Every structure is written in structure tokens, then in C-alpha cells.
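Since the structure comes first, as C-alpha cells, the remarks are kept for the end.
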Ligand SMILES: C[S@@+](CC[C@H](N)C(=O)[O-])C[C@H]1O[C@@H](n2cnc3c(N)ncnc32)[C@H](O)[C@@H]1O
């Protein structure tokens, strides 16, 4: 549960959100004890809605972990569509590939193993949707490249932009989060807000999701 939306409201939303996907449910169940920082089903559903609404055929994700958010995203792709998802950790990338296979999505997903800083320089755009959920200190350094990779009218979706509310000075006393990450996210939010090519709205769901559309100039 997040610190922003009250637990009772999150439980209510969780009951409504029954995707009925056995693989997603299995990953979420397994992660209850494991505690990897995956999106929850509510954010997953938001990703699928946005990718579907954008008519996405090419999606880029930074931070695959074990493929949970990737399954939500790839589920929006039509046949022939492609999700490219970047993960630095070898073991997680292997597990993600297994999970994509279990979800029947192998043909639509390419898991790229390596540092996103290097990999996004090599990947070819344009993308309809980009989901940024990698290392927080890289949000700002990667922003220029990700905006360049996005097609006009495409969506840049960023997770954790409210950081359990800690981007708001004094919200948590004492703060629980790493102060460098909190500063990095606060700086990123400022950059997003000031980017003339983007229009951004932030949804205070779970840990905060920023949705930015690249203007059609
Ligand atoms: C928040 S988790 C991603 C969760 C996933 N999007 C989900 O919700 O299912 C962030 C992931 O980014 C990976 N990561 C961190 N730094 C990275 C980097 N420089 N390049 C690529 N991946 C990175 C971590 O290993 C971790 O698995």
C-alpha cells in the first residue's frame, strides 16, 4: 500500500480491478513476500489503458524487473507490436523472459539486458509509449533522450513521481526515503513541468504516476 491514497481506498480499487490474468496474479502473489518494487495492479491497469488509448504498436520500458508492468503494457499491443524493455540485472531479466513466455507474449517483447544509460542511446525510435520506471537518479539525465524517442502525440509515463509524498517538504517526518533519490525525483518533476514539448498531468495513484504527452508541433 502507498502512503498517499488511503489503504481502504486502495483495497476498494483492487477489488474492482480484476484483470483475470493468472500470470499477473501469480507474480503479484509471489512478490507479496519478496517485496520487489513492482507497480501494483491499479497502476498496471492504468498503463494498459493508456497504451491502448494511444494505439501503441511500439513501447519502450526502462526498468523491467521481472516483467510485471511489462505484461500489463504488452497486453495492449496488437499482433506485430513490440515492447522493448531494459533491465540491468541479469537474473531479473531472465525471470522476466520466463514470465513473458508464460503470459504468451514472447513474440511481442524484447528484453534488453544492460545499463539503460547506454541502451537508450542505441535503441531506435519512434515509440508511441515510453514507461520510465528505472533508477530514480537517472530520470533527469535520460529525459532528453526519451523525449527525442517519443513520436509526436506519444506518451511518456513515469512512475514514483510523488515518492510516498516525500517530494513534498515536511510530508514525512522523519523522511524514510533516500534523500538523493527524493531530490532527483523533485528535480525531474520540475523538468517535466517546464518542458515546452510536453503536457504533463500527475495522477496521485499509489506512488504517483506522471503522464506526459508530446505535443504535435
Ligand atoms: C522499480 S523496478 C521496475 C519495476 C517494473 N517496472 C514493474 O513494475 O514490474 C526498477 C528496475 O530498474 C532496474 N535498473 C536500475 N538501474 C538501472 C539501469 N541503470 N539500467 C537498467 N535497469 C536499471 C532495477 O534492477 C530494477 O529491476
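Computed values, structure above
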read-out: Odd one out for residue 61 among (1) near the ligand (Cβ under 8 Å from one of its atoms); (2) assigned to a helix (DSSP H, G or I); value: (2)
read-out: So residue 23, is it more than 12 Å from the ligand (Cβ to nearest atom), surrounded by 13 or more Cβ atoms within 10 Å (Cβ to Cβ), closer than 17 Å to residue 100 by Cα and modelled with pLDDT of 95 or more; value: yes
read-out: Filter result for the condition that a residue is more than 12 Å from the ligand (Cβ to nearest atom), under 16 Å from the mean Cα position of the chain (by Cα) and more than 23 Å from residue 213 (Cα to Cα), over 147, 109; value: 109
read-out: Segment 168-185 - residue that is within 18 Å of the chain's Cα centre (by Cα) and within 18 Å of residue 206 (Cβ to Cβ) and, of those, surrounded by the most Cβ atoms within 10 Å (Cβ to Cβ); value: 185
read-out: Qualifying residue in segment 79-101 (condition: within 13 Å of the ligand (Cβ to nearest atom), surrounded by 24 or more Cβ atoms within 10 Å (Cβ to Cβ) and part of a loop (DSSP other than H, G, I, E, B)); value: no
read-out: Scan of segment 1-33 for residues that are outside any loop (DSSP other than H, G, I, E, B) and within 23 Å of residue 162 (Cα to Cα), ordered by number; value: 7, 8, 9, 10, 11, 12, 13, 14, 28, 31, 32
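The values are calculated or read from the model by the stated rules, or taken from the named source; none is laboratory data. Quantities reported herein were computed from a predicted structural model and do not represent experimental measurements. Please note: Cβ atoms are built from the backbone with ideal geometry, for glycine as well, and neighbour counts cover all protein chains shown.
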